[in-house]
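Take a look at the structure set out below.
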Amino acid sequence: MTLKPYQKKRKFQKTPEPAGEPKIKGKNRFVVQKHSASHLHYDFRLELPEKINQGQVVLKSWAVPKGVPLTAGIKHLAVAVEDHPVDYLNFQGIIPRGNYGAGQVEIWDKGKFKLLDFSPKSLKFLLTGKKLKGIYVLFRLQKNNWVIFKTKTQK
Ligand code: MN
């Protein structure tokens, strides 16, 4: 159900992106994809159930115009976007012109996360990536607008 908005926006015979399906179980992976679309941004995705605590596993996704901060004390806007299929974790390539999100997608970082706390308006998790390491918070401001920041505590 939840992947319908994702699938509706794309024509899978014209884009190399995976159509994908929700999964029953997740492996606590995350990815940050650098997306050189009409506006450069970074897509941050966490392998989580549709509703965080229930449902099939998808990639909960946020578009972060300035990227995920590497250091504590910096807050960046993160706009919630449609859930993506888990197969998108490994996607890199070029979405051809004329398609939704046209432009290059490169994996900027990936790794594992551990969910430490969640509520409808905030998520706290430990990231273990190559570039991103430490405890991060995603906090919902209003509607699809969230902020992402690294906390000062390391454990
Ligand atoms: Mn994107």
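Just wondering, is there one or more residues in the stretch 113-121 that are in contact with a strand residue (DSSP E or B) (Cβ under 7 Å, 6 or more places away or on another chain), small (Gly, Ala, Ser) and in a strand (DSSP E or B)?
No: zero hits.
Looking at the stretch 136-146, is at least one residue over 18 Å from Val81 (Cα atoms) and part of a strand (DSSP E or B)?
Of all residues in the stretch 136-146, those over 18 Å from Val81 (Cα atoms) come to 136.
Filter once more, keeping what is part of a strand (DSSP E or B): 136.
Yes, the stretch 136-146 contains at least one residue that is over 18 Å from Val81 (Cα atoms) and part of a strand (DSSP E or B).
Within the stretch 106-127, identify whether any single residue is away from the ligand (no atom under 16 Å from the Cβ), charged (D, E, K, R) and within 13 Å of Val68 (Cα to Cα), and answer yes or no. Show your work before the answer.
So in the stretch 106-127, the residues away from the ligand (no atom under 16 Å from the Cβ) come out as 111-127.
Still in the list and also charged (D, E, K, R): 112, 114, 117, 121, 124.
Narrowing further to those that are within 13 Å of Val68 (Cα to Cα): none.
No - not one qualifying residue is present in the stretch 106-127.
Just give me the residues in the stretch 41-61 being among the β-branched types (Val, Ile, Thr) and part of a strand (DSSP E or B), in sequence order.
Here is the first cut: in the stretch 41-61, the residues among the β-branched types (Val, Ile, Thr) are 52, 57-58.
Matches in the stretch 41-61: Val57, Val58.
Within the set of pairs 6+ apart or on separate chains, which have a first residue in the stretch 27-52 that is away from the ligand (no atom under 16 Å from the Cβ), a second that is basic (Lys, Arg), and C-beta atoms under 7 Å apart?
Going by the 7 Å Cβ cut-off, the qualifying pairs are Asn28/Lys112; Asn28/Lys114; Arg29/Lys110; Arg29/Lys112; Glu47/Lys27; Glu47/Arg29; Leu48/Lys60.
Filter the stretch 1-26 down to residues that are without any contact (Cβ under 8 Å) to a residue 12 or more places away in the chain and either closer than 20 Å to Asp109 by Cβ or among the aromatic types (Phe, Trp, Tyr) (or both), then give me how many there are.
Total meeting the criteria: 1.
Listed here are the residues, each with its yes/no results for (1) outside any loop (DSSP other than H, G, I, E, B); (2) in contact (Cβ under 8 Å) with a residue 60 or more places away in the chain; (3) more than 13 Å from the chain's Cα centre (by Cα); (4) within 14 Å of Leu46 (Cα to Cα).
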| residue | (1), (2), (3), (4) |
| --- | --- |
| Ala63 | yes, no, no, yes |
| Val68 | no, yes, no, yes |
| Asp83 | yes, yes, no, yes |
| Ile94 | yes, yes, yes, no |
| Asn99 | no, yes, yes, no |
| Lys110 | yes, yes, no, yes |
| Thr128 | yes, no, yes, yes |
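Considering every residue within the stretch 91-104, establish whether at least one is touching a helix residue (DSSP H, G or I) at 6+ places or on another chain (Cβ under 6 Å) and farther than 16 Å from His39 by Cβ. Break it down into steps so the answer makes sense when it comes.
Here is the first cut: in the stretch 91-104, the residues touching a helix residue (DSSP H, G or I) at 6+ places or on another chain (Cβ under 6 Å) are none.
No, the conditions are met nowhere in the stretch 91-104.
Of the conditions (1) among the β-branched types (Val, Ile, Thr); (2) surrounded by 15 or more Cβ atoms within 10 Å (Cβ to Cβ); (3) closer than 14 Å to Val31 by Cα, Ile95 clears all except one; give me its number.
(3)
Since every read-out is calculated from the coordinates, none of them should be taken as a lab result. Owing to the predicted nature of the structure, the values given are computational and were not obtained by experimental measurement. Glycine gets a Cβ as well: all are built from the backbone with ideal geometry, and neighbour counts include every protein chain shown.
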